[in-house]
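Take a look at the structure set out below.
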Number of protein chains: 4
Amino acid sequence: MAGNSFGTLFRFTTWGESHGPAIGVVVDGVPPRIPLSEPDIQHWLDRRKPGQSRFTTQRREPDQVKILSGVFEGQTTGTPIQLMIENVDARSKDYDETKDRFRPGHADYTYWAKYGIRDYRGGGRASARETASRVAAGAIARKILGESVAVRGAVIQIGPHKIDRARWDWAAVEDNPFWCPDRQAAQAWEGYLDDVRKRGSSAGAVIEVVASGVPVGLGEPIYDKLDGDLARALMTINAVKAVEIGAGFAAAALSGEENADEMRMQDGRVAFLSNNAGGILGGISSGQDIVARFAVKPTSSILTPRRTVDVHGHDVEISTKGRHDPCVGIRATPVGEAMVAVVLADHLLRHKAIADARNQNPEAGT
Amino acid sequence: MAGNSFGTLFRFTTWGESHGPAIGVVVDGVPPRIPLSEPDIQHWLDRRKPGQSRFTTQRREPDQVKILSGVFEGQTTGTPIQLMIENVDARSKDYDETKDRFRPGHADYTYWAKYGIRDYRGGGRASARETASRVAAGAIARKILGESVAVRGAVIQIGPHKIDRARWDWAAVEDNPFWCPDRQAAQAWEGYLDDVRKRGSSAGAVIEVVASGVPVGLGEPIYDKLDGDLARALMTINAVKAVEIGAGFAAAALSGEENADEMRMQDGRVAFLSNNAGGILGGISSGQDIVARFAVKPTSSILTPRRTVDVHGHDVEISTKGRHDPCVGIRATPVGEAMVAVVLADHLLRHKAIADARNQNPEAGT
Amino acid sequence: MAGNSFGTLFRFTTWGESHGPAIGVVVDGVPPRIPLSEPDIQHWLDRRKPGQSRFTTQRREPDQVKILSGVFEGQTTGTPIQLMIENVDARSKDYDETKDRFRPGHADYTYWAKYGIRDYRGGGRASARETASRVAAGAIARKILGESVAVRGAVIQIGPHKIDRARWDWAAVEDNPFWCPDRQAAQAWEGYLDDVRKRGSSAGAVIEVVASGVPVGLGEPIYDKLDGDLARALMTINAVKAVEIGAGFAAAALSGEENADEMRMQDGRVAFLSNNAGGILGGISSGQDIVARFAVKPTSSILTPRRTVDVHGHDVEISTKGRHDPCVGIRATPVGEAMVAVVLADHLLRHKAIADARNQNPEAGT
Amino acid sequence: MAGNSFGTLFRFTTWGESHGPAIGVVVDGVPPRIPLSEPDIQHWLDRRKPGQSRFTTQRREPDQVKILSGVFEGQTTGTPIQLMIENVDARSKDYDETKDRFRPGHADYTYWAKYGIRDYRGGGRASARETASRVAAGAIARKILGESVAVRGAVIQIGPHKIDRARWDWAAVEDNPFWCPDRQAAQAWEGYLDDVRKRGSSAGAVIEVVASGVPVGLGEPIYDKLDGDLARALMTINAVKAVEIGAGFAAAALSGEENADEMRMQDGRVAFLSNNAGGILGGISSGQDIVARFAVKPTSSILTPRRTVDVHGHDVEISTKGRHDPCVGIRATPVGEAMVAVVLADHLLRHKAIADARNQNPEAGT
């Protein structure tokens, strides 16, 4: 199947290049009669929008979304919803000199090798601009999940500098340009990133996304496990190199006694005494918070000249002068949230397909 | 779509429970005229087979594979290949006391909550026994990839003990019961794991899989990126909690200058001067080694009594007395290799579908 | 995606060749806690079984089904259900002389041209033997649909001889070897088919399948319309050349006034005054009987020598001496029922995924 | 999977309602480096465009297509191609009186029952306006098929009036407003349809689509047979009630001797002596012309008042006064061609994925 779609029942397909006339996404499988309007989507797009601080690209894109189909008199109709965002500030001239040269760390070489052609303007289809479409789809996914499910992201590391988890405060996340839950770390990052930015260098980041209120039972073993789908969803975000769930890589160093989360009944419900599992057991949500973490590599567009080759097979050098995020990880945060939301929405619908049948057996487990 | 299938053009579906009569896999989309026989598959199954050292479960399963369809006169025919492995040493009595109790760290509770019913014998469908089917499918995938592609795995950490990468020797991997590429580490692990085993405890592990000889151009952006599919493939293996590609989480701490792999022409081909990307750029293979790493949590079946609840909603305790791997990560190594192989085989076929058309344009890039 | 699977949420994959050790089907996406045992499936297989009258092939296959997975203590568990049927009466010697020659009307030539290899024993994968797997899957689909939905088939034409619809009696269908609802026609067919059989010739047929009790709302426009999926489902049955819904081809000759089924309220529900639509409007079930009809070509295996070519590119002749159905259309009837049932079961689950969400809006239409 | 997509490797998703701001289609899986421009697509859209004769709807839609992505410097890039057509002549007031009433023969009732909401303006998503998106996708499919494959449609019956196949002349098809290959029939239809139109009635039609130059080997048995996919593709076109391949329903009345197409070598290639199979054997193209036929019911929008019910559950009457095609079958012809083209393009790519691998076996059959 062609690669620009995601999801099974809640399924979206994105399209568009960085410097084409527009980008967008068609979202299929949305249940009917859900109230939906452009501001519902715009709210989330604005969080990803470039140019909101000196730590993100200065490209000025209003990222104004238009609903072209699938909504009637303020409600979804069950038909596909086309969302379009016009490209406004696409300065193609910025990219003229990189036209024939493959920027290290970018997809220039691999797109050219795979397709024999590439839209070299701003990364073309490989540009992180595509992630606006993900955020738009995520906004609809949140509507399906409803208000009882919250999907929130936070940056927990920039460059080598990690937050102190003891200082975690969700309220802080909206207060600084880094989506940082640790106010003290946010201040330190400001100086660090200013320095990175001025040197024309870049920094990586680690983002944590937490989904609360997720019902027990989402995920379809064996190959459509919830964590498998989350891993794919997050790994496909531009520049992501790693994904972990719950204790993640640290689980390898734990003993069996430490790792397996014990259970007790609390208020008539199963409660876990820890969350190393990150809310997923056997690929199925356990009712605990879903905790996913992902690493974003440093922006590959930097001022320092780098060795590369060109389309003619010559050794050359390149430095990137365009408007770039010194740390793309920051703007990846709302994208990570969106990808977690779309996975959950899809699995919610998938579970309903079989859960409903089960309910006909009144003696069923839950 | 139901969750027991994996892949798009090379697509397999596994079936079977730990203590049912048999497990197996039907592999669809295999190109015709590939020589294939049972020993070709058995070779790889034997590497995953339990009971090969004191560090893996003592369940005695010959894991003898039978080809029931899709092969004629020693060659694949393009029709689905059904592989069946009979369960032989299924001692259900071992599991009688865990019938009503949810083992912490296992999928007992979530399967029960999702489906309202669970096959409690040895984990049922959630048992790692299912991974034999993955290895069988992987054996066919290797045939599609051909001899120019090598997919090899190694354990690089057990519990908190990591290998020294400077001592990496692929030849060592077959010499010790841990698939360890560092002979010195392997010796240390022996003592460590003996202790873990005797205490009835368990340990986690980190496995690295390297695929060499992979052609440039595999992977279908945006959502079927090669790294996205690898992340999903590896994360769906039992007990896996984290996946990374190339520099992985460490990339977050690198600067843009350090991270982006520079390029130079060498012998008329593009060569990279480092491999932080792990062989994938923009979701497409670059021709470098594909490097994937995943973390396996410690076996949840341990002797120490643990707090849990039962199906009647009572607080109880449980300890697991069955025959278990003190470190499931060891046997996850051939499974990880298999999953990397199936992803690559699928993307090889997918790429051929469009590459072929491109070849009609003689001026194409590569 | 490889071609041996059918369905989206209720999804099955068949495997096996006419003269291999076994055939079978793995059924995924079955909701949990549905009572299921081998006799439930055997019942339907016995209706398709060869050798039940002189009008079907004399191959003696007990077609005994085994459940290898997915059922625990008499109930489905939500995991994949593997059903296996061993081949017993596979006389490969019957086929030796057709090994190198392409039988006209069969898939011999096209399989060979597509794959460069073919299992020439009894048609290999292209044999109608595969349809036993469909019937097995259909038996599970019926369980999902429940007792309020009835899916029944009848042969309404054999060779040029049609039934008189005024004499339609469902009770008659089980009384004759043709699944014929018109007792008088059944008698006439007996003489006609005896003659066809003795001459070593063959006859085609038209089958009608009617599904009653189907709820309103099944089908996912635009491309997964219920009638589109039924058309694909029925057209993929061996030897089928045509499919129609409701008035079908005859609709072309009707006027708009005659064709569009009028509506009236009856007992508080919408009732249609005719059923030219065959129970489907805009790709969605209307609550009326679903009526589908399909044509089966005459068996291509006949005694008369026919002109053909061989694998070496020579003009040759061939006549088929094996044991064949003089009218494969007869045994296609339970297969057609099964295919209608699997389409309905899949769409029932798909509809539940979104219908459930809708129920949260109490003012919804139905 | 949500229902608005079609195809596996060549896969498109349509969106948009009759009276929304625009309709469109995103086409994924298009191989790179295919020359493509808006006029290439417009050419085919113009054939389906309304208002070209007095026998089609008088709605004035220029159906001007815009390429929003996936094409760079005149060539496809392998990324998704978004095609958008703005709605211009959408007179919503025409539909005010049908807002609460279900038009017989239309999808009004079933959409409302399924979704609990419907866009009543001009049929909303169920409008035949959606078929413009199919034609646009078909234009790209033709590019993939290349100039050696021709896909042509013709109307062979309007109302009860069939053509005389002996007078078939492809050149005639472009000469009359009915795509009729029989000039004499075309003249007769003119009078017949004028009468139908003046009475405010409507007529059905049968369309035949022939694909020539299709290579041997397309189609993926068992469930993705070429004829199965064609049946689904054509049956999903608005108002289609029947599909047949080759001899179709007439095959049921043939003897085995008459039906199975004999073969002979001609000029070193396999040639068939007849084409009852319609170019498909065992679900795989045989190299003969692919011949598919489909029936379109008469337009359900007629002037004569018809009995129906309304959303409040009352018995009412309705007559439709909007601008409608007296015979929608006419404009279904380019749509039928498009659907055949998209099926062939998809299977061409799918076959390449495995054919290419086969070529590595030099002794392969073809």
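The values are calculated or read from the model by the stated rules, or taken from the named source; none is laboratory data. Every value quoted in this text rests on a predicted model; they were computed, and no experiment measured them. Neighbour counts are summed over all protein chains in view; Cβ atoms, including those assigned to glycine, are modelled from backbone coordinates with ideal geometry. Areas reflect the complete protein model, heavy atoms only, side chains present, ligands, DNA and RNA absent. Shrake-Rupley method; radii C 1.70, N 1.55, O 1.52, S 1.80 Å.
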>> Rolling a 1.4 angstrom probe over the protein chains, ignoring ligands and nucleic acids, what is the accessible area of residue B:148 in square angstrom, nearest 10?
In response: 90
>> Can you classify segment C:111-234 as rounded, prolate or oblate using the Cα gyration tensor, where a ≥ b ≥ c are the square roots of its eigenvalues, rounded means a/c under 1.5, and otherwise it's prolate if a/b beats b/c and oblate if not?
In response: oblate
>> Give the lysines whose C-alpha is closer than 29 Å to that of residue B:352, dropping any in the same chain fewer than 8 places away, or say none.
In response: A:99, A:114, A:225, A:241, B:143, B:225, C:114, D:143, D:225, D:352
>> Taking 8 Å as the Cα distance limit and 6 or more residues as the minimum spacing, I'd like the relative contact order of segment D:61-176 as a percentage.
In response: 14
> For chain B, modelled as a GNM with alpha-carbon contacts under 10 angstrom, which of B:270, B:88, B:291 fluctuates the most?
Replying inline: B:270
> Across peptide B:275-286, how many C-beta atoms of other chains are within 10 Å of each residue C-beta, on average?
Replying inline: 6
> Put simply, what bits of segment D:31-68 lose 10 Å² or more of accessible area when the other protein chains are there, versus the chain on its own (1.4 Å probe)?
Replying inline: D:31, D:32, D:33, D:68
>> For the protein assembly as shown, take every pair of Cα atoms, bin their distances at 10 Å starting from 0, and report each bin as a whole percent.
In response: 2, 9, 17, 22, 22, 16, 9, 3, 1, 0
> To the nearest µm²/s, what D does Stokes-Einstein give for segment D:136-175 at 37 °C and 0.692 mPa s, using the Kirkwood radius over alpha carbon pairs as Rh?
Replying inline: 264
> With the other protein chains left in place, how much accessible area per residue, in square angstrom, belongs to the protein assembly as shown at a 1.4 angstrom probe?
Replying inline: 30
> Summing +1 for each Lys or Arg and -1 for each Asp or Glu, what net charge is found among the other residues whose Cβ lies under 10 Å from the Cβ of residue A:52?
Replying inline: +4
> Measuring from label point to label point, each 7 Å out along Cα→Cβ, what is the residue B:198 to residue D:58 span in nm?
Replying inline: 9.7
>> Could you tell me how many cubic angstrom of Cα convex hull volume segment A:3-116 has per residue?
In response: 137
> For labels at residue B:147 and residue B:165 in the simple 7 Å Cα→Cβ model, what's the distance in nm?
Replying inline: 3.2
> In whole angstrom, how far apart do the alpha carbon centroids of segment D:254-329 and segment A:185-208 sit?
Replying inline: 64
> For B:261-268, what's the mean count of beta carbons from other chains sitting within 10 Å of each residue's beta carbon?
Replying inline: 5
>> How far, in nm to one decimal, is residue B:58 from itself in the other copies if the label point is set 7 angstrom along Cα toward Cβ? Shortest first, please.
In response: 5.9, 7.1, 9.1
> Just by accessible area at a 1.4 angstrom probe, what is the order of A:106, D:312, A:347 from largest to smallest?
Replying inline: D:312, A:106, A:347
>> For q values of 0.15 Å⁻¹, compute log₁₀ I(q)/I(0) with the Debye formula on a Cα-only model of chain B, without solvent.
In response: -1.39
>> Probe radius 1.4 Å, ligands and nucleic acids left out: which of A:272, A:102 has the largest accessible area, and how do the rest follow?
In response: A:272, A:102
> Put a point 7 Å out from Cα along the line to Cβ at residue C:275; what are the distances to that point in the other copies, in nm, shortest first?
Replying inline: 3.7, 5.4, 6.5
> Spin-label point model (7 Å from Cα, Cβ direction): what's the residue D:46 to residue A:73 distance in nm?
Replying inline: 4.0
>> Using a Cα-Cα cut-off of under 16 Å, which aspartates and glutamates could be cross-linked to residue D:198, ignoring same-chain neighbours fewer than 8 residues away?
In response: C:257, D:190, D:325
>> Just checking the output field for A:126-136: average partner chain Cβ neighbours within 10 Å of each residue's Cβ?
In response: 1
>> Can you divide the C-alpha Rg of segment A:288-343 by 2.2 N^0.38 Å and report the result to two decimal places?
In response: 1.66
> For chains D and B related by rotation, which residue of D has the Cβ nearest the axis, and what is the rounded distance in Å?
Replying inline: D:353, 2
> What's the FRET efficiency of residue B:187 with residue B:304 using the Cβ-Cβ distance as r and R₀ = 30 Å, to the nearest 0.05?
Replying inline: 0.65
>> What does the charge count around residue A:312 come to, taking other residues whose C-beta lies under 11 Å from its C-beta (Lys +1, Arg +1, Asp -1, Glu -1)?
In response: -2
> Which whole-number percent is the relative contact order of chain B (Cα, under 8 Å, 6+ apart)?
Replying inline: 21
> What are the label-to-label distances in nm, one decimal and shortest first, from residue B:161 to the same spot in the other copies, with labels 7 Å along Cα to Cβ?
Replying inline: 3.8, 8.3, 9.1
> Which percent of the accessible heavy-atom area of segment D:227-366 goes to carbon and sulfur, probe 1.4 angstrom?
Replying inline: 47
> For residue A:169, what charge total do you get from the other residues with a beta carbon under 10 Å from its beta carbon, if Lys and Arg give +1 and Asp and Glu give -1?
Replying inline: 0
>> If you take the accessible area of B alone plus C alone and subtract the pair, what total do you get in square angstrom, rounded to 100, with a 1.4 Å probe?
In response: 3400
> Which sequence of D:63, C:46, D:267 reflects their accessible areas, 1.4 Å probe, from the largest down?
Replying inline: D:267, C:46, D:63
> Can you give the longest stretch of chain C with no exposed loop site, where a site means GluC sites (Glu not before Pro) in a DSSP loop (not H, G, I, E or B) with at most 10 other C-beta atoms within 10 Å?
Replying inline: C:148-362
>> Could you work out what % of the accessible surface of segment D:17-143 is carbon and sulfur, using a 1.4 angstrom probe and leaving DNA, RNA and ligands out of the count?
In response: 48
> For helix A:38-48, what angle does its Cα long axis make with the longest principal axis of chain A, in degrees from 0 to 90 and rounded to 10?
Replying inline: 60
>> I want the antiparallel fraction of DSSP beta bridges within segment D:259-342, as a percent rounded to 5.
In response: 100
